[in-house]
1. Could you say which residue among Gly305, Gly283, Gly346 is in a loop (DSSP other than H, G, I, E, B), without any contact (Cβ under 8 Å) to a residue 24 or more places away in the chain and out of contact with any Cys (no Cβ under 8 Å at 6 or more places or on another chain)?
2. Grab the strands (runs of 3 or more DSSP E) fully contained in the stretch 400-464, keeping just those with 1 or more residues being open to solvent by 10 Å² or more (accessible area, probe 1.4 Å) and without any contact (Cβ under 8 Å) to a residue 40 or more places away in the chain.
3. If a residue must be hydroxyl-bearing (Ser, Thr, Tyr) and open to solvent by 60 Å² or more (accessible area, probe 1.4 Å), how many such residues does the stretch 36-75 contain?
4. Criterion first (within 30 Å of Phe453 (Cα to Cα) and open to solvent by 50 Å² or more (accessible area, probe 1.4 Å)) does Phe347 satisfy it?
5. Going through Leu335, Leu327 one at a time, which residue ends up being in a loop (DSSP other than H, G, I, E, B) and either touching a residue at least 40 places away in the same chain (Cβ under 8 Å) or farther than 18 Å from Phe381 by Cα (or both)?
6. Tell me, please, whether a residue that is under 26 Å from Gln302 (Cβ atoms) and of a type in the set (Gly, Ala, Ser) can be found in the stretch 398-410.
7. Report yes if some residue within the stretch 175-182 is under 26 Å from Phe443 (Cα atoms), among the charged types (D, E, K, R), open to solvent by 10 Å² or more (accessible area, probe 1.4 Å) and part of a loop (DSSP other than H, G, I, E, B); otherwise report no.
8. Give me the pairs: first residue in the stretch 387-398 and assigned by the TED database to the domain that holds Asn195, second residue open to solvent by less than 10 Å² (accessible area, probe 1.4 Å) and at pLDDT below 95, beta-carbon distance under 6 Å, and six or more apart or on different chains, which are they?
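The values are calculated or read from the model by the stated rules, or taken from the named source; none is laboratory data. Here the structure is a predicted model, which means the values were calculated and not measured. So basically every Cβ, Gly included, is an ideal-geometry build from the backbone, and we count neighbours across all protein chains shown. The protein model used for the area step is the full one, side chains on, heavy atoms only, and it has no ligands, DNA or RNA in it. Shrake-Rupley method; radii C 1.70, N 1.55, O 1.52, S 1.80 Å.
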Amino acid sequence: MCKLCQKRKLQLRFANTIFCCNFLYLQPADIIVFPELTLNSLSDTVFVPDPDQRVAPCDDHGTILVTLSCLAREVRKYLVINLSEQFYVQHQAKTLFYNTDVVFDRDGTVIARYRKFNLFKEPGTSVTPLPELVSFETDFGVHFGVFTCFDILFALPTLELIRHGLRDFVFPAFWTSEPPFLTSTQIFESWAYANDANLIVAGTNYGPSGATGTGVFNGRNGALLTHYTGVATRALYTVTVPKSGSGNITRYHSLTSDVLEVPIVESSDHRLPGENFENIRIGRDFLEEFTTIQLNPIWQQQTIGQIVCNGMFCCDFSLSLSVDDELEKTHYYRLAVFDGVRTFQGFADAHVSICGVIACGNQSIASCGLMLQSNSQYLQFNSISITGQFIANGTLAMPSTLDMRMYSYDASHYRFTANVNYSSNSQIVSMNLTTPISNMQTFGIYAFNHKEFEFYNPIDLPGANTPQPDEDDDGGTTIGTKPSAVALLLGGAALTSWHMMVSKHIAFL
């Protein structure tokens with residue numbers, strides 16, 4: 001690309017960024033989080049100062065970092081932005097390039113810098129010798145951890161931050177979905193649920209690359225707002241995260257690119273309708289390596305019990321379904337089990353253990369894990385119970401659900417538990433459907449086994465160990481507590497990106 005074209009492209013991206021931030025100057029937001037890989041590239045990298053030096057680039061001149069620093073200072077908000085960074089290593093006499101999240105405070109000072117450790121399809125980008133553990137504190141009482149996109153699938157740095165007690169995270173992403181278990185909003189919500197963490201995802205929205213999916217995920221309460229679509233979109237969403245036990249209702253409203261207010265919608269609409277899914281490039285899991293058993297629709301009105309094993313790993317399924325024989329059979333389902341090492345297109349490997357019910361377009365395994373084109377709703381699951389014995393230490397077991405809108409089910413639709421036996425280094429993980437469903441793509445358990453990483457994650461039924469609120473609590477935060485927040489969400493059509501903000505009125509328990 002010619003240098004003039006590159007410069008013009010950067011100018012357009014900045015114009016959109018400045019427009020968004022200047023409009024938000026009037027909004028009650030404290031922190032603005034931008035998505036991954038949307039502002040600059042390896043052809044126009046920037047130097048990022050060490051946060052320990054407390055540098056405010058706005059006091060200098062000459063680079064895009066200066067503009068961003070001045071912007072944070074002007075609008076008096078925290079700013080989290082993903083950049084392509086250049087860093088000169090003096091003793092090696094060479095320049096390295098990083099995928100870097102930079103955090104500015106209200107004065108435009110760089111207070112945090114995180115260099116992405118787990119790269120995916122990023123030639124020319126370097127990684128640090130060891131993963132960085134990066135977090136920052138705010139003047140509104142929230143201590144945020146920082147990581148980026150592909151990092152979420154690994155123990156370092158994400159679960160190490162969890163071990164340090166953090167439960168609030170900003171997360172720029174450029175995620176390519178891979179049904180039936182790793183669709184963007186699906187894995188974001190699963191991770192937040194399993195760790196009972198607040199995960200604020202600013203996801204790039206660019207269908208041709210497969211990148212879409214953004215939202216705010218509030219631990220075991222599930223998604224507060226999420227959007228998956230094949231249409232480039234610019235919209236501002238305000239998300240109120242109720243204080244734990246307050247009984248408040250989560251509300252949303254939208255501001256379009258023309259700054260026209262859209263009426264408030266009910267909390268049941270927090271999973272915003274998506275469109276043009278056919279424009280989104282998606283990957284596919286290696287389902288041929290799973291052990292699968294097809295469910296026969298004639299088994300309706302029966303309780304189906306089946307133990308399915310892949311090697312020595314077994315999952316116990318019990319389910320019941322209803323079938324309307326007058327409707328077309330538009331799809332089928334399989335019980336699916338896998339335990340072993342998988343590759344992420346050769347860029348990384350991971351040991352996963354999976355139990356699930358998955359949808360297929362026809363009766364062949366090749367049709368499974370693809371986006372379904374139609375659903376006559378001829379089949380309804382009335383109950384599903386899945387139980388498996390998983391490794392305990394180093395394992396993050398997560399609920400994994402996906403409907404035909406490419407969203408997870410609300411947390412009220414299932415019960416998920418993990419009972420750890422420390423002496424045997426095992427855990428019994430259970431996933432149970434609590435509401436009949438007829439639009440299912442995935443329902444199951446997805447676990448990452450991080451060997452040689454000390455990590456246990458028992459999960460009780462909701463309410464089993466709910467702490468009583470402190471009568472003297474003023475809403476301030478402590479590390480590891482459950483948050484309450486107001487969030488602003490902004491998607492950018494011109495940049496084919498999503499921008500995310502969390503508001504000043506955040507109150508954390």
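1. Going through Gly305, Gly283, Gly346 in turn, the sole match is Gly346.
2. Per the criteria, 414-421, 426-433.
3. Counting residues in the stretch 36-75 that are hydroxyl-bearing (Ser, Thr, Tyr) and open to solvent by 60 Å² or more (accessible area, probe 1.4 Å) gives 2.
4. When the stated conditions are applied, Phe347 passes them.
5. Exactly one residue qualifies, and that residue is Leu327.
6. So far as the stretch 398-410 goes, yes, one or more of its residues are under 26 Å from Gln302 (Cβ atoms) and of a type in the set (Gly, Ala, Ser).
7. No, the conditions are met nowhere in the stretch 175-182.
8. Close Cβ pairs (under 6 Å, with a partner that is open to solvent by less than 10 Å² (accessible area, probe 1.4 Å) and at pLDDT below 95) do not exist here.
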